[in-house]
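For reference, the structure is listed below as structure tokens.
The values are calculated or read from the model by the stated rules, or taken from the named source; none is laboratory data. Remember, predicted model here, so these are calculated numbers, not experimental data. Cβ atoms come from the backbone with ideal geometry, glycine included; neighbour counts cover every protein chain shown.
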Amino acid sequence: MYTPTIGLEIHAELLTDSKLFCGCRNEPNEVPPNTHICPVCVGYPGALPFLNKQAVEHVLRIGTALNGTVATATEFDRKHYFYPDIPKGYQISQYPYPLIQKAKLAGVGIQRVHLEEDTAKSSHDVTAQGSVIDFNRSGVPLMELVTDPVMHTAEEAKHFAETLQMTLRYLEAARARMEWGEMRVEANISVSKTEKLGTKVEIKNLNSFKAVTGAIEFEIQRHIEALENGERIVQETRGWNENTGKTFSQRLKETSAEYRYMPEPDLPKYRIDTVPGWDAVSLKATIPELPEQKLKRYIEETEIPEGQADILVRHKQLADVFDGTIAAVRHKDAVRLTANYLSTDVMQYMETDGETLFDGITVATITELIQLIIDGELSSRGAKDIIAVLVQDGGSPRTIAEQKGLFQQSDERVLGEIVERVVRGHTDMVDEYRAGKEQVLKFLVGQVMKETKGSANPEVASELLKKHLNKK
């Protein structure tokens, strides 16, 4: 029986105003390419780097949130390797003295969290019969996190990566959109029949959670089949082909010695413990309620279903709107209604990664919407229609309701006339109700709703029907 062992290396681009070692804007996806560049991030000889304090603080806060050990001092190193997108011939990274060590998330040990510069982006242009390089990404601050090799299934690895993505977003340290390359997962996989780990293979640049599970599951099976056939596993770096559902060999895996690490001579050593605001107490004070804590609170205090709570927690902006709305609307039904509309009607419009919310969905607009529902001015159908407009155009729920005639009709005189028409038109159903088939009432309420094109208050319509039907 083979036991798979999995460790992850995860990179995330950090949210800073400028790049890690220069003053260029941190906008790697800017179009046109090569817009935010300078001699430092393009690697001109003699150009000197200077460290971005905001990037260091992001990593220190991440490490604090993960209950890691924060370094008292640190330094940067040159990691030498040769690709066209690394013009210096080396990457400025950290090796023996990372900012964070011995952390933990989702039950998984984390060896280290360190800071390094991102590379430029190579694109293979068929029309130009060659490759082109965009240096907008070169020098963007990049967090690298390395886990212990303690996971044993693809689902465990996926869960860890998802939890880290949520944590980075709650800390507002990174957007971590995988389809944009803002968070990239690399999986180290081996299988063995004993406690001794097998030969490790690395799968690079997995850019979706589907890719993470697919690549790991395929690679585990490939290892087992190879060993069963008497073949030797080669330590190498492999890529993932989404179309074929298979990994493919890219190159033999480099060792740390091959990177020829050396201290970066153009940057000093840094004393972390002497910087105001970077002591343990100050850093902890900057940590917000994190996903696991929020999920626990929602389940225990709000008593919404765990599935709904999970949806809200996974999407920080939804959770922020939820918290703000239930604080503003003091009514017994506010929690249930807000959770329902956010986790279903708003959620269906959100982007696949669930990170981007619409300008029209705010605490103010959802608070106004929920209050209209509670006050009986708006039906469920009307609320759904308003959410669609908020997503598309924004605005005020009350104004939208007025413009589109979505306010609920609760006038008993007006509804009473409609109820009488419905009763006269369905005498057979009236007879069945009076004979004891009370479920017929729902049908009759539906007919009232149909007559009013959905604007009738169903509770008022139901009460009026009962009074009419129970007349002797």
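State whether one or more residues within the range 263-285 are in a helix (DSSP H, G or I), among the basic types (Lys, Arg), exposed (fewer than 14 other Cβ atoms within 10 Å of the Cβ) and modelled with pLDDT of 95 or more.
Yes.
For a quick check of your reading of the model, give me the residue pairs whose first member lies in the range 288-307 and is closer than 17 Å to HIS159 by Cα, whose second is in a helix (DSSP H, G or I) and of a type in the set (S, T, N, Q), with beta-carbon atoms closer than 7 Å and at least 6 apart or on different chains.
Between residues of the range 288-307 that are closer than 17 Å to HIS159 by Cα and residues that are in a helix (DSSP H, G or I) and of a type in the set (S, T, N, Q), the close pairs are LEU290/THR167; PRO291/THR163; PRO291/THR167.
I'm checking my understanding of the structure. Among residues of the range 8-46 that are assigned to a loop (DSSP other than H, G, I, E, B) and without any contact (Cβ under 8 Å) to a residue 24 or more places away in the chain, which one is nearest to ASN207 (Cα to Cα)?
VAL31
Please determine whether any residue of the range 115-136 is closer than 21 Å to VAL40 by Cα and of a type in the set (Ser, Thr, Tyr).
Yes, because at least one residue in the range 115-136 is closer than 21 Å to VAL40 by Cα and of a type in the set (Ser, Thr, Tyr).
For the range 103-162, which residues satisfy the criterion of being touching a Leu at 6+ places or on another chain (Cβ under 6 Å) and either hydroxyl-bearing (Ser, Thr, Tyr) or at pLDDT below 95 (or both)?
THR147
What is the number of the single condition among (1) assigned to a strand (DSSP E or B); (2) in contact with a Leu (Cβ under 8 Å, 6 or more places away or on another chain); (3) surrounded by fewer than 24 Cβ atoms within 10 Å (Cβ to Cβ) that VAL185 does not meet?
(3)
Scan the range 41-65 residue by residue and report those that are touching a Leu at 6+ places or on another chain (Cβ under 7 Å), of a type outside the set (Ser, Thr, Tyr) and either crowded, with 21+ Cβ neighbours inside 10 Å or within 17 Å of ASP273 (Cα to Cα) (or both).
LEU51, ASN52, ALA55, VAL56, HIS58, VAL59, LEU60, ARG61, ILE62, GLY63, ALA65
Across the range 386-432, what is the number of residues that are among the aliphatic types (A, V, I, L, M) and within 18 Å of LEU464 (Cβ to Cβ)?
Count: 8.
Going by the structure shown, is MET347 aliphatic (A, V, I, L, M) and surrounded by fewer than 18 Cβ atoms within 10 Å (Cβ to Cβ)?
Answer is yes for this residue.
Could we say that LEU342 is modelled with pLDDT of 95 or more and crowded, with 20+ Cβ neighbours inside 10 Å here?
Answer is yes for this residue.
Suppose we filter the range 413-472 for residues that are part of a loop (DSSP other than H, G, I, E, B), in contact (Cβ under 8 Å) with a residue 12 or more places away in the chain and loosely packed, with under 14 Cβ neighbours inside 10 Å; how many remain?
Residues meeting the conditions: 0.
Of these, THR399, THR427, THR344, which one is closer than 25 Å to GLY307 by Cβ and polar (S, T, N, Q)?
Exactly one residue qualifies, and that residue is THR344.
A quick yes/no check of all residues on (1) assigned to a helix (DSSP H, G or I); (2) hydroxyl-bearing (Ser, Thr, Tyr):
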site	(1), (2)
LYS204	no, no
ALA211	yes, no
GLY214	yes, no
ILE220	yes, no
HIS223	yes, no
ALA226	yes, no
ARG232	no, no
ARG238	no, no
THR247	no, yes
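Across the range 137-157, what is the number of residues that are part of a strand (DSSP E or B), over 19 Å from the mean Cα position of the chain (by Cα) and crowded, with 22+ Cβ neighbours inside 10 Å?
Going through the range 137-157 one residue at a time, the tally reaches 3.
When the residues of the range 55-97 are filtered to those that are without any contact (Cβ under 8 Å) to a residue 40 or more places away in the chain and within 29 Å of the chain's Cα centre (by Cα), which remaining residue is nearest to PRO33 (Cα to Cα)?
GLN91
For ILE299, are the conditions met, namely being over 30 Å from TYR341 (Cα atoms), surrounded by 15 or more Cβ atoms within 10 Å (Cβ to Cβ) and under 23 Å from the mean Cα position of the chain (by Cα)?
no
Looking only at residues that are within 31 Å of the chain's Cα centre (by Cα) and either of a type in the set (A, V, I, L, M) or farther than 14 Å from ILE189 by Cα (or both) in the range 225-247, which one is surrounded by the fewest Cβ atoms within 10 Å (Cβ to Cβ)?
ASN243
Just to be sure before I move on: is LEU60 farther than 24 Å from GLN250 by Cα and either modelled with pLDDT of 95 or more or outside any helix (DSSP H, G or I) (or both) in the structure I sent?
Spelling it out, LEU60 is indeed farther than 24 Å from GLN250 by Cα and either modelled with pLDDT of 95 or more or outside any helix (DSSP H, G or I) (or both).
Among the residues of the range 1-33, write down those that are at pLDDT below 95 and either of a type outside the set (D, E, K, R) or not assigned by TED's automatic domain parsing to the domain that holds GLU202 (or both).
MET1, PRO28, ASN29, VAL31, PRO32, PRO33
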